[in-house]
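Right, one structure below, let's go through it.
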Amino acid sequence: MKGAEKIDVREIRRKLGLNQSQFWSKIGVTQSGGSRYESGRNIPRPVQALLRLVHIEQVDITKVKKDDIEVVEYLKASNPELYKSLKKEARAKRKERPTH
């Protein structure tokens with residue numbers, strides 16, 4: 001997509017305090033592949049999506065199951081008010097946890 005905002009993955013990685021190997025291995029990319037992306041090579045959309053999920057949204061993709069996604073989609077569609085309420089409670093709970 002032309003004109004899309006270019007994300008600075010090196011900056012994201014540095015802000016998280018991770019070296020290239022730690023950062024890229026979480027999404028299944030080798031250190032050398034990640035280095036090429038950080039040097040300006042185009043990042044494929046699936047890799048961009050994983051970067052957003054893992055390093056920006058902080059989703060542990062090793063724990064995500066298809067059943068969980070189906071339950072969330074069902075809840076959103078069948079009872080949107082309950083979904084919003086649970087989402088708000090989960091967000092508040094997450095903010096209570098101490099950061100490392």
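The values are calculated or read from the model by the stated rules, or taken from the named source; none is laboratory data. The shown structure was predicted, so the numbers you read here are calculated from the model rather than taken from an experiment. Because the Cβ atoms are built from the backbone with ideal geometry, glycine has one as well, and the counts that use them run over all protein chains shown.
What are the pairs, 6+ residues apart or on separate chains, where a residue within segment 64-79 that is farther than 25 Å from Lys26 by Cα has its Cβ under 6 Å from a residue that is surrounded by 10 or more Cβ atoms within 10 Å (Cβ to Cβ)?
Taking only residues 6 or more apart or on different chains, the pairs are Leu75/Tyr83; Lys76/Tyr83.
For the structure I just gave you, tell me whether Leu18 is modelled with pLDDT of 95 or more and under 24 Å from Lys95 (Cα atoms).
Yes: the conditions hold for Leu18.
Suppose the filter is in contact with a Leu (Cβ under 9 Å, 6 or more places away or on another chain) and either of a type in the set (A, V, I, L, M) or touching a residue at least 60 places away in the same chain (Cβ under 8 Å) (or both); does Val47 pass it? Spell out how you get there, then give the answer.
Details: in contact with a Leu (Cβ under 9 Å, 6 or more places away or on another chain): no; either of a type in the set (A, V, I, L, M) or touching a residue at least 60 places away in the same chain (Cβ under 8 Å) (or both): yes.
Considered against the rule, which asks whether it is in contact with a Leu (Cβ under 9 Å, 6 or more places away or on another chain) and either of a type in the set (A, V, I, L, M) or touching a residue at least 60 places away in the same chain (Cβ under 8 Å) (or both), Val47 comes out as no.
Take the residues of segment 62-83 that are of a type outside the set (S, T, N, Q) and surrounded by 12 or more Cβ atoms within 10 Å (Cβ to Cβ): which is farthest from Asp8 (Cα to Cα)?
Going through segment 62-83, the residues of a type outside the set (S, T, N, Q) turn out to be 63-77, 80-83.
Next, only the ones that are surrounded by 12 or more Cβ atoms within 10 Å (Cβ to Cβ) stay: 72, 75-76, 83.
On the way: Val72: 31, Leu75: 35, Lys76: 33, Tyr83: 33 Å.
Checked segment 62-83; the qualifying residue farthest from Asp8 (Cα to Cα) is Leu75.
List the pairs whose first member sits in segment 7-18 and is over 14 Å from Val47 (Cβ atoms), whose second member is of a type in the set (Phe, Trp, Tyr), and whose Cβ atoms are under 7 Å apart, counting only residues at least 6 apart or on separate chains?
If the second residue must be of a type in the set (Phe, Trp, Tyr), the pairs left are Leu16/Phe23.
Kindly establish whether Val54 is hydrophobic (A, V, I, L, M, F, W, C), surrounded by 13 or more Cβ atoms within 10 Å (Cβ to Cβ) and in contact with a Lys or Arg (Cβ under 8 Å, 6 or more places away or on another chain).
Numbers: hydrophobic (A, V, I, L, M, F, W, C): yes; surrounded by 13 or more Cβ atoms within 10 Å (Cβ to Cβ): yes; in contact with a Lys or Arg (Cβ under 8 Å, 6 or more places away or on another chain): yes.
Yes, satisfied.
Residues of segment 40-61 being farther than 30 Å from Lys95 by Cβ and of a type outside the set (D, E, K, R), which ones? Walk me through it before giving the result.
First, pick out the residues of segment 40-61 that are farther than 30 Å from Lys95 by Cβ: 40-46.
Scanning segment 40-61 gives Gly40, Asn42, Ile43, Pro44, Pro46.
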